[in-house]
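One structure is given below, encoded as structure tokens.
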Amino acid sequence: MKEAASKQIESILKDYHWMMNSIEIIRDSMKDAGEGLTAQYGDSAGMPKAKGSTSDPVYRECVRRERRYSVIQKYEAQISVIQERMHLIRNDREIEVLHWLLEGKSYRWIAMHMGLSHSHIGRIKDSIVKKMSEYVPSVTKGTNDTKLQKHNSAC
């Protein structure tokens, strides 16, 4: 079980930077929900449509955006795994390595920055992963602090 948790945390650490960037970009692109889309009117609107699909561009855009919101929720859930455990890292070197890993830097870049070998950075990262994977978050009842807020559909 701990090995699976370690692999999950290691994977999230590796992907953290691009997931944060994706969340920001997707949220920014979703601000103008449905701008410039109009349903069809007139004679073409009254014509029969193909079964099993809709030709309404507003509906299709709404479905596409709902899928994007579910991607955001998935990324936020993964990112929160790391963010809930960041308080466990107290050693200055580990804090520095964690910071640069979350910024998307390579082991070699971090090693040059800190004046250490890249294999030593790997060992520090392994220590961070071990501490984070051993943590079991406490479940609190009646507070919304630990829960992700549900997104309300734009449609």
Which pairs have Cβ atoms under 7 Å, sit 6 or more apart or on different chains, and link a residue in the stretch 101-116 that is over 14 Å from Met20 (Cβ atoms) to one that is in a loop (DSSP other than H, G, I, E, B)? Ala111/Ser117
Tally up the residues in the stretch 107-126 that are closer than 15 Å to Lys14 by Cα, open to solvent by less than 60 Å² (accessible area, probe 1.4 Å) and not charged (D, E, K, R), please. 4
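Give Leu102, Leu98 a once-over and let me know the one that is in contact with a Phe, Trp or Tyr (Cβ under 7 Å, 6 or more places away or on another chain) and at pLDDT 95 or above. Working first, answer last.
Working: Leu98 fails: in contact with a Phe, Trp or Tyr (Cβ under 7 Å, 6 or more places away or on another chain).
Answer to the check: Leu102.
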Is it true that some residue in the stretch 75-94 is more than 21 Å from the chain's Cα centre (by Cα), farther than 26 Å from Met114 by Cβ, surrounded by 15 or more Cβ atoms within 10 Å (Cβ to Cβ) and free of Cβ contacts under 8 Å to residues at least 40 places away in the same chain? no
Can you find even one residue in the stretch 5-20 that is open to solvent by 60 Å² or more (accessible area, probe 1.4 Å), at pLDDT below 95 and of a type in the set (S, T, N, Q)? yes
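The values are calculated or read from the model by the stated rules, or taken from the named source; none is laboratory data. None of these values were measured; they are calculated from a predicted model. Reconstructed Cβ throughout: ideal geometry from the backbone, glycine too, with neighbour counts over all protein chains shown. Quick note on the areas: whole protein, heavy atoms, side chains included, nothing else; ligands and nucleic acids left out. Shrake-Rupley method; radii C 1.70, N 1.55, O 1.52, S 1.80 Å.
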